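What follows draws every value from the coordinates through simple rules; no lab data is involved. Keep in mind that this is a model prediction, so the values were computed, not measured. Note that we place each Cβ from the backbone using ideal geometry, even for glycine, and neighbour counts take in every protein chain shown.
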């Protein structure tokens, strides 16, 4: 099954996804109970597969119990309880994020990777920190690393990396990037990747407002984004147009915000449902609290539901 997932093509995606559904339905007790509640255990196409509300990762152990847990990832927890992802295969995670990164951002061996992720470091058990740390190791460059509030050191590291002829990648949480951008360092040759919101440290901004401030502060043409979360083992990255591209084993569907079991056409906004086949040993079908729309073969992230459960999906399992 693992090999089938990472060799999936557009023509085999639906068949593979339905195979993964049956695999998880018979092995993941929480997902099985949810599916049985809806009475939809025989899907014939993607839109008939039930998507588990992401909030279940805060209240239940969402896993298939096929293997021992290799690592436990937790969310940043800014909304209260932290989501928990019981990962039974770290190899699946690495098989997902490494080729995705190489395909969309280049080879880490040719880069200096700077991580400005203070809150993730402080809280620990972060899937993002694990991923970025692995990319830093692959870069095999002493300039690559994690930085907290060492603004001057970041600027000096950037200059040295450019002098070495390396491509500079800066992963940063939004509020930390804003703190750095306020000093107006010229990072015009770097690719800046923002990884999330303000984590309760600053007033929330729209994606457009945030990127406008960062572009001005860093003197760059665009700001990239990473769409990932502790509940997923795959990520999508945005381009200069703000559109996200997924790896072959990840797919986005847009559901009706008023009817969680119905779907919107391309170009219309709604709730984001994620199919992440790399989540083989947990749940590959997740209804998120994000809003977006499909544009061509990419998707646009529009925001989040306002402090509310996903309408139509607030089913609780006793």
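With an 8 Å Cα cut-off and a minimum separation of 6 or more residues, compute the relative contact order for segment 128-222 in percent.
In percent, rounded to a whole number, it is 25.
If the convex hull of the alpha-carbon atoms of segment 5-84 is projected onto planes in all directions, what is the mean projected area in square nanometres?
6.6
Could you sort the peptides 243-256, 262-275 by per-residue average Cβ neighbour count (10 Å cutoff), highest mean leading?
243-256, 262-275
Calculate how many DSSP beta bridges within the chain are antiparallel, expressed in % of all such bridges and rounded to the nearest 5.
60
For segment 131-195 and segment 74-116, what is the centre-to-centre distance using only Cα atoms, to the nearest Å?
Between the Cα centres of segment 131-195 and segment 74-116 lies a distance of 17 Å.
What does a probe at residue 205 reach in segment 163-179, counting residues whose amide N is under 11 Å from the point 7 Å along Cα→Cβ?
Counting only backbone N, you get 174-179.
Using 0.36 nm times the number of residues separating residue 2 and residue 110, minus their current alpha carbon distance, what extension gain do you get?
36.0 nm
In deg cm²/dmol and to the nearest 500, what is the mean residue ellipticity at 222 nm of the chain if only DSSP H runs of at least 4 residues count, each as -39500 (n - 2.57), divided by the residue total?
Value at 222 nm, helices only, nearest 500: -9500 deg cm²/dmol.
Using 1/(1 + (r/R0)^6) with R0 = 35 angstrom and r between the beta carbons of residue 163 and residue 241, what's the FRET efficiency to the nearest 0.05?
Step by step, r from the Cβ atoms, then E = 0.70.
Among 12-24, 277-289, 45-57, how do they line up from the highest to the lowest mean number of other beta-carbon atoms within 10 Å?
Those peptides, ordered most packed to least, come out 277-289, 45-57, 12-24.
Could you state the angle between the C-alpha long axis of helix 13-27 and the longest principal axis of the C-alpha atoms of the chain, as a value from 0 to 90 degrees rounded to the nearest 10?
Long axis of 13-27 versus the principal axis of the chain: about 70 degrees.
What FRET efficiency would be calculated for the residue pair residue 215, residue 262, taking the C-beta separation as r and a Förster radius of 25 Å, to the nearest 0.05?
About 0.10, to the nearest 0.05.
When only Cα pairs under 8 Å and 6 or more residues apart are kept, what is the percent relative contact order across the chain?
It comes to 18 percent, rounded to a whole number.
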